[in-house]
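Quick note: the coordinates plus some simple rules give every number you see, no bench work behind them. This is a predicted model, so every value here is computed, not measured. Glycine also receives a Cβ, built like all others from the backbone with ideal geometry; neighbour counts cover every protein chain displayed.
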Amino acid sequence: MKRSGLTLVELMLCMSLVACFSLAVIGFPQIAQRISETKEIPFAMLTIHHQFQNARYEAINALQRRSVLFRRNQQITQFKIDSSISFHIAPTGSIQLGGSITMKKNNVRYRVTIQPVTGKIGLQLGQRVIRFADLL
């Protein structure tokens, strides 16, 4: 005599497959958003890099101190800066004082740290370092 039902193992297998597919469908938009944000991060870093490079060349050519100012609510690509900060570049082309810029996009905060003298830039999301670039 044949039974027309499912065994417990088959039922659990079907339920686990349905759960996996539903998690993939629910989580996909968030994963896609993270991927698009990580593609925009290098453009923001490149914009900051160009601002420092231009100020560095001006300082070296004029033999005068130059400043790079980031204003509150200023847009860098699609990131918005939280607070104003100014960086001073010596006539030798080195950054006199380091600091950090806090950028925000979609309620996620990114912290850009700039080291004095060397001009190395680091981008952090919480405690995790996402990308390092050499500014000067």
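For this structure, a couple of remarks:
- When Met15, Met45 are arranged by Cβ crowding within 10 Å, least crowded first, meaning fewest neighbours, the order is Met15, Met45.
- Neighbourhood charge, 13 Å Cβ-Cβ cut-off, centred on His88 and excluding it, Lys, Arg +1 and Asp, Glu -1: +2
- Each peptide among 73-82, 110-119, 4-13, 59-68 gets the average number of other Cβ atoms lying within 10 Å of its residues, and from highest to lowest they stand as 110-119, 73-82, 59-68, 4-13.
- Region 38-134: relative contact order in percent, alpha carbon pairs under 8 Å with at least 6 residues between: 17 percent
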